[in-house]
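For reference, the structure is listed below as structure tokens.
The values are calculated or read from the model by the stated rules, or taken from the named source; none is laboratory data. Small disclaimer: the values here were computed from a predicted structure and weren't measured. Don't worry about glycine lacking a Cβ; one is built from the backbone with ideal geometry, like all the others, and counts go over all protein chains shown.
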Amino acid sequence: MHSGFVTLVGRPNVGKSTLVNAMCGRKVSIVSDKPQTTRHRVMGVLSTADTQLVFVDTPGLHKPQTALGVRVNATALDSVSDVDAVCLVVDATKPFGSGDKWVAGQLDMAKAIVIVNKIDAAKQTQVIAQLAAVGSLGAADYFPVSARTGKGIAELIAHLSARMPEGPMYFPAETLSDQPEEQWVAELVREQLLAVTHDELPYSIATRVSEWEWPRIRVEIVVERESQKGMVIGKGGLVLKEVGKLARAQLPDGVFLELFVKVDKDWQRKPDRIERLGY
């Protein structure tokens with residue numbers, strides 16, 4: 001048996017969560033087109049007959065503007081130590097810039113793997129240019145992939161599996177993620193909020209399960225302003241109803257999901273509030 005931990009790091013919105021979902025074969029991390037969607041470290045597990053890969057999905061590394069930003073950056077950087085492989089994920093559709101270089105500077109690139117993601121959305125010339133740019137990092141290996149279409153994913157998994165040392169199964173074979181159910185449901189609600197609310201809201205929204213009496217679940221949606229509360233609820237409650245409908249569609253039949261919106265002014269700038277919300 002071979003097993004190990006593989007951490008994925010990179011700037012926000014390079015597709016780390018979509019990549020983890022693709023490698024695990026099922027959704028374990030929420031995804032959206034909004035930067036900094038991932039706030040927690042989430043582990044996705046892929047088990048085969050003789051190998052177990054534990055993928056560590058991390059928040060996007062960025063220049064923090066708030067206490068929340070500092071916290072999620074620390075979460076990502078803490079996840080690159082004491083693992084069996086570190087993968088730097090970059091976006092094939094965007095130039096290799098200072099943000100990518102800063103992330104690379106936090107890693108031991110001689111042992112790291114560079115994954116050029118989103119090759120399905122990039123022109124061939126862009127992919128070639130990106131591979132040439134990241135080639136200067138002196139990484140151990142390079143893989144162009146598309147998490148959305150699956151191109152290159154099998155080859156990446158095979159390579160990572162071959163790098164894993166002999167070891168035990170860290171999780172039962174049927175396990176897909178280390179996330180507690182409460183966190184998964186709260187994040188699922190936040191994912192749908194990101195999909196249906198306005199662009200200015202993503203960073204101001206937090207979600208947490210406040211009551212869990214299966215099959216009844218109450219999720220608290222926290223915003224920073226009264227005006228944001230109105231935007232989340234929507235005219236006649238339409239936005240909140242749509243979010244609930246989309247979230248319930250991904251939960252088992254019979255679940256009663258109740259959504260409640262509250263204002264906690266400037267919560268993402270207050271370390272005690274961030275702690276209370278589970279970050």
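Things worth noting here:
- Single residue of the stretch 153-180 satisfying the filter (in a helix (DSSP H, G or I) and either of a type in the set (S, T, N, Q) or without any contact (Cβ under 8 Å) to a residue 12 or more places away in the chain (or both)) that is farthest from Arg225 (Cα to Cα): Ala162
- Complete set of residues in the stretch 250-272 that are part of a loop (DSSP other than H, G, I, E, B) and modelled with pLDDT of 95 or more: none
- Close pairs from the stretch 181-193: first assigned by TED's automatic domain parsing to the domain that holds Arg216 and over 17 Å from Met43 (Cα atoms), partner part of a helix (DSSP H, G or I) and of a type outside the set (Phe, Trp, Tyr), Cβ under 6 Å, at least 6 apart: Val189/Ala247; Gln192/Val243; Gln192/Leu246; Gln192/Ala247; Leu193/Val243
- The number of residues in the stretch 45-54 being surrounded by 23 or more Cβ atoms within 10 Å (Cβ to Cβ) and either more than 15 Å from Leu8 (Cα to Cα) or under 11 Å from the mean Cα position of the chain (by Cα) (or both) comes to 1.
- Residues within the stretch 246-272 that are more than 21 Å from Leu194 (Cα to Cα) and surrounded by 15 or more Cβ atoms within 10 Å (Cβ to Cβ), tallied: 1
- Only a single criterion out of (1) at pLDDT below 75; (2) surrounded by 21 or more Cβ atoms within 10 Å (Cβ to Cβ); (3) out of contact with any Leu (no Cβ under 7 Å at 6 or more places or on another chain); (4) in a loop (DSSP other than H, G, I, E, B) is not satisfied by Val72, namely (4).
- Residues of the stretch 1-12 that are under 12 Å from the mean Cα position of the chain (by Cα) and surrounded by fewer than 20 Cβ atoms within 10 Å (Cβ to Cβ): Pro12 alone.
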